[in-house]
Structures are given as C-alpha cells and as structure tokens.
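Comments concern the structure below.
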Amino acid sequence: MTEPLKRNSTTPTEFRAVEPSAAEIQGHHDYMAGAVPPLIRPALWSMREVRTRLEEMADDPHLDGNTRYVSLRSTDGPNNSTIPTMWVTIHLLKPGERIDMHRHTPGSMYYIISGTGYSTIDEYRIDWEDGDSFSCPSYSYHEHWNSGDRDVLMYTVQDAPTYAYNGMMAFQSGDSETMAFLHK
Ligand SMILES: [Fe+2]
C-alpha cells in the first residue's frame with residue numbers, strides 16, 4: 001500500500017506537458033554565439049542629481065522611509081541592475097523615520113553618506129554615523145532607524161540581480177509568518 005503523498009497549500013496537484021518552444025538543441029557555434037552576454041558600458045550617476053531627486057521625493061506624502069530611495073540603473077543591463085550582478089540604491093531617511101524590519105535572500109552592504117542612526121541585524125544592533133559601512137548577510141532580519149536630527153543618506157549595494165537571475169528572490173516582512181518568492 002502506497003502512502004498518499006503529503007502536500008502543502010502551494011504544492012502543484014495538476015500537471016501538463018512542457019511547451020516545445022521552451023527547448024532547442026544547439027551545436028557548438030550556436031551555443032558559443034549566445035553563451036556570453038555583451039558587456040555593459042561604464043556609467044556615472046551624479047550625486048548632485050541624486051540629491052535633487054531625493055529632495056523632490058522628500059516632499060511626496062506618499063513616500064516614507066521604506067520607499068524614498070533612488071535606484072542606480074544601467075540602461076544596458078538586465079533586471080534594472082546597476083551592474084548585472086549588483087543593485088545600488090541611495091535612501092533618504094528623515095529624522096525619526098525607519099525602514100521596517102524585513103529580510104530577503106540577497107545580502108547587503110551599506111555606506112552612510114551622512115547622518116546618524118542605528119540598524120538591527122538579527123540579534124545585533126549597529127550604531128552608525130557619517131562615513132561608516134556595515135553589512136547585512138543574506139536572509140538576516142534587518143531594520144534601519146534615523147535616530148539623529150539630520151537627514152540620513154544611505155548607500156546600499158545588494159546582490160539582488162544575482163538571486164533574481166536564479167529565481168531565488170524571496171522576501172519576508174517582519175510582521176509576516178511566511179516568506180514570499182517574488183517570481184511569477
Ligand atoms: Fe533589506
């Protein structure tokens with residue numbers, strides 16, 4: 001007697017044939033022609049323009065600490081990346097604002113351009129000031145607080161495009177019991 005398969009609420013229960021258009025058999029030359037993506041061009045993002053954009057966003061009542069950031073995108077690269085494996089953002093946190101606790105599969109590096117505050121990374125607390133850098137490993141819970149009386153400008157580098165390319169972008173907010181995969 002075969003035990004019934006155990007299922008959870010997300011396990012598929014109906015199946016169909018794969019689509020023939022998803023597969024191709026290639027020879028050596030065809031493979032090599034597409035195996036290495038074209039190089040992207042170097043790019044410059046002006047801090048003067050970044051500051052102007054963030055100052056405009058500071059007046060937008062629909063934005064808060066979680067959403068007031070600019071993303072530095074290469075117009076040549078995939079997935080809105082900065083370089084194909086990395087994603088850079090610059091955040092503006094007003095005094096008293098925070099980025100809510102969450103975690104995700106990509107790891108992060110932070111550089112505090114200006115301002116004072118602190119972050120929690122899992123059970124650790126990191127107090128920071130102008131010029132400090134700190135890390136948040138993959139899938140650690142983190143939150144960031146501006147506890148000073150000046151705006152915080154925070155430069156963040158994440159390996160999100162690398163995870164996205166492998167279908168491994170997962171996110172969990174600090175008030176949720178479940179992890180969500182962001183891929184459709
Ligand atoms: Fe994060």
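Please treat every number below as a calculation from the coordinates, not as lab data. Nothing here was measured: the structure is a model prediction, and the numbers come from that model. Virtual Cβ from ideal backbone geometry, glycine too; neighbours counted across all protein chains shown.
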**Message:** When you check ASP76 against the structure, is it of a type in the set (D, E, K, R), under 23 Å from ALA180 (Cβ atoms) and without any contact (Cβ under 8 Å) to a residue 40 or more places away in the chain, yes or no?
**Reply:** no
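In region 35-67, what residues are over 20 Å from LEU92 (Cβ atoms) and exposed (fewer than 13 other Cβ atoms within 10 Å of the Cβ)?
ALA35, VAL36, PRO37, PRO38, LEU39, ARG41, PRO42, LEU44
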**Prompt:** For ARG103, all conditions in the list (1) surrounded by 14 or more Cβ atoms within 10 Å (Cβ to Cβ); (2) outside any strand (DSSP E or B); (3) of a type in the set (D, E, K, R); (4) touching a strand residue (DSSP E or B) at 6+ places or on another chain (Cβ under 7 Å) hold save one; what is the number of the exception?
**Reply:** (2)
**2 or more residues under 22 Å from MET47 (Cβ atoms) and touching a residue at least 12 places away in the same chain (Cβ under 8 Å): qualifying strands (runs of 3 or more DSSP E) within region 114-184** = 133-136, 142-146, 152-158
**Message:** Residues that are closer than 30 Å to ASP130 by Cβ, in contact (Cβ under 8 Å) with a residue 60 or more places away in the chain and within 16 Å of the ligand (Cβ to nearest atom): does region 44-54 have at least one?
**Reply:** no
**Asked** Looking at region 34-56, is at least one residue among the polar types (S, T, N, Q), closer than 26 Å to THR82 by Cβ, out of contact with any Leu (no Cβ under 6 Å at 6 or more places or on another chain) and part of a loop (DSSP other than H, G, I, E, B)?
**Response** yes
**Extreme residue, nearest to the ligand (Cβ to nearest atom), among residues of region 141-157 that are surrounded by fewer than 22 Cβ atoms within 10 Å (Cβ to Cβ), closer than 14 Å to TYR69 by Cα and not aliphatic (A, V, I, L, M)** = THR156
**Asked** Does at least one position in region 127-137 carry a residue that is buried (at least 16 other Cβ atoms within 10 Å of the Cβ), within 15 Å of the ligand (Cβ to nearest atom) and of a type in the set (Gly, Ala, Ser)?
**Response** no
**Residue tally, condition within 11 Å of the ligand (Cβ to nearest atom) and of a type in the set (S, T, N, Q), over region 61-119** = 5
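Loosely packed, with under 15 Cβ neighbours inside 10 Å, of a type in the set (Ser, Thr, Tyr) and in contact with an Asp or Glu (Cβ under 7 Å, 6 or more places away or on another chain): is that true of SER114 in this structure?
Details: loosely packed, with under 15 Cβ neighbours inside 10 Å: yes; of a type in the set (Ser, Thr, Tyr): yes; in contact with an Asp or Glu (Cβ under 7 Å, 6 or more places away or on another chain): yes.
Against the criterion (loosely packed, with under 15 Cβ neighbours inside 10 Å, of a type in the set (Ser, Thr, Tyr) and in contact with an Asp or Glu (Cβ under 7 Å, 6 or more places away or on another chain)), SER114 qualifies.
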